[in-house]
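The values are calculated or read from the model by the stated rules, or taken from the named source; none is laboratory data. Remember, it's a predicted structure, so these values are computed and weren't measured experimentally. Cβ placement follows ideal geometry from the backbone for every residue including glycine, while neighbour counts extend to all protein chains displayed.
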Protein chains: 2
Amino acid sequence: MRPSTLSIGDFSRATHLSVKALRYYHESGLLEPAEIDQHSGYRRYEVEQIPVAHIIRRFRDLDMPVEAVRAVLHAADPTERNELIGAHLRRLEDEYGRAQRAIASLRDLLEHPSTDLPVEHRSIPTTQVASVTADVRRADIGVWHQGALAELYATVAAQGLATTGLAGGQFGDGLFSGDGDTATMFLPVGAGFEPIGRLELSALPAVDLAVVAHVGEEDGIDRAYGALAAYVARHALALAGPIREFYPVNRHQTQDATYWRTEIGWPILATGQED
Amino acid sequence: MRPSTLSIGDFSRATHLSVKALRYYHESGLLEPAEIDQHSGYRRYEVEQIPVAHIIRRFRDLDMPVEAVRAVLHAADPTERNELIGAHLRRLEDEYGRAQRAIASLRDLLEHPSTDLPVEHRSIPTTQVASVTADVRRADIGVWHQGALAELYATVAAQGLATTGLAGGQFGDGLFSGDGDTATMFLPVGAGFEPIGRLELSALPAVDLAVVAHVGEEDGIDRAYGALAAYVARHALALAGPIREFYPVNRHQTQDATYWRTEIGWPILATGQED
DNA sequence: ACTGGACTCTCCCCTGGGGGGAGACAGCAC
DNA sequence: GTGCTGTCTCCCCCCAGGGGAGAGTCCAGT
């Protein structure tokens, strides 16, 4: 008699999926054997499952998570399926674009390891701000940053208020314990701001900052950080609080990133003396 | 007095690397603290280490392995460094290209889940071949496949011999125990072949095959596998050995992939009867 | 019917790059 | 002295399986 089902080894050879992977897909429910021998526990697959297995392998070759593969296979209609696939492809494209820009920045950093940029001292008084504070993982800061600023600008404008200073952010607050990353985006406002949703009205403490400006996209910003660190080292100044950044250009109004400006403020102890 | 070193928390804020990551980099020797308090075990970093930490973060953002980052940082000269960075960028580019092609193939598979392609039965006698056999991980098969075939063509030609049949490969041999993937690439030759290096002279056993042809790049090949599986299922034929593939077109002479041809052979039990 | 070898089973530990948390010290301001 | 926060080490967790141990199964040959 000719068996109409395949052993796990035969199925592995027919699908180019390893036996280990097949067992894992069974365990995780992504691809269940057609039949399991009650006595021996041997898995048996049907030939009709081979095309499905090929599809799974293709997706896994793309590093699509097993959960996402299951979602695609269980998607109701082709539209939803294409949407899911498209989303994954967009993620890959994003990653690649980010990689290219970061590589350029890296070459720059490595080839000009110690660039001197003008450093300016700035005394910031206590400031009343509309703010958003959250624990954000470092990898997500870019996205969160954009969203929070957009919300601040929109809400302040919607309340008919004017901004009374530079938009900015503060990172690594240490207000909460633990190693979480507390980040705050803020927009200075006058009296009358009404906190809505996650937005708060708060007061930023006064600080003395050593400030370096960076122009252009965020990718090249490490050079500014490096220059600042070198300056601080030369003048033997310690870090006296969370880093504060300012964004003099409204990035939602000015789309061309070459005009963007980031001012990085490194809090220092007020000394008054500069050599 | 102003401390000239930073605690791990301050250093974390200055570099945007998490405290956990910094401890891990210390443990793995990628970035060692400038000083460790003998009594308390507290780590102390110098401001001069900040630019280095930024560089490390950039590389890790690119998913470059910690080992590779260390290699780049310890590289003797900029040339070697650029070479290492370039290699990583090329890997990213390769992945992205592969992803794009695989996505196209996937859409095809999902939109035409059951394509009928002509299936042909073929009886292959025992064949004398020059061959390369190795345990190859599935992900590496593409590369290994190219190299092995090129070596076979070159060596056979160098010995002044003619090929006496179609080049091909055999996958999932099962000659060795375990779940390893045994793959063999072969080129039929007449008498007089001298095995050199990893090349062997061997005899492939006779088989009866159900064969489907696929034209073009390897990316669309899953459709052919699917059609073959459907055919085999309809005719209740079991898999009777490792999959064999044939490549009638020499891919090193014909660069245009649209002319490439892959014949997939699914071993079946010889029955002589076809309904 | 028996034997040997190939095949498969489950179970456990391992990878990389950290994240999350427990419990114990350390340092600093009041 | 008394909190509070920061930091230490140690342990378990993630994904997608890989590697191997030890035991049970299947099948072909005798």
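Couple of notes before you dig in:
- Residues in the range A:40-71 that are under 26 Å from A:Ala87 (Cα atoms), touching a residue at least 40 places away in the same chain (Cβ under 8 Å) and not β-branched (Val, Ile, Thr): A:Ala53, A:Arg57, A:Arg70.
- Condition check for A:Arg70: modelled with pLDDT of 85 or more, more than 8 Å from every other protein chain (Cβ to nearest Cβ) and within 16 Å of DNA strand C (Cβ to nearest atom): no
- Reported count of residues in the range B:62-72, each being away from DNA strand D (no atom under 16 Å from the Cβ) and surrounded by fewer than 16 Cβ atoms within 10 Å (Cβ to Cβ), is 2.
- Identity of the residue in the range B:1-28, assigned to a loop (DSSP other than H, G, I, E, B) and more than 28 Å from B:Arg81 (Cα to Cα), that ends up nearest to DNA strand C (Cβ to nearest atom): B:Pro3
- Some residue of the range B:115-122 being within 12 Å of chain A (Cβ to nearest Cβ) and under 30 Å from B:Val207 (Cα atoms): yes
- Against the conditions (1) within 23 Å of A:Gly220 (Cα to Cα); (2) within 38 Å of the chain's Cα centre (by Cα); (3) within 11 Å of chain A (Cβ to nearest Cβ), B:Val47 satisfies every one except (2).
- Against the test of being out of contact with any Pro (no Cβ under 6 Å at 6 or more places or on another chain), more than 11 Å from DNA strand D (Cβ to nearest atom), more than 9 Å from chain A (Cβ to nearest Cβ) and at pLDDT 85 or above, the options B:Leu31, B:Leu17, B:Leu22 yield a single qualifying residue, B:Leu31.
- In this structure, B:Leu109 does satisfy being touching a His at 6+ places or on another chain (Cβ under 8 Å) and over 30 Å from B:Glu194 (Cα atoms).
- Filtered residues of the range B:34-43 (kept if within 14 Å of chain A (Cβ to nearest Cβ) and more than 8 Å from DNA strand D (Cβ to nearest atom)): B:Ala34
- Just one of (1) surrounded by fewer than 19 Cβ atoms within 10 Å (Cβ to Cβ); (2) away from DNA strand D (no atom under 16 Å from the Cβ); (3) more than 20 Å from A:Arg223 (Cβ to Cβ) fails for B:Pro78. It is (3).
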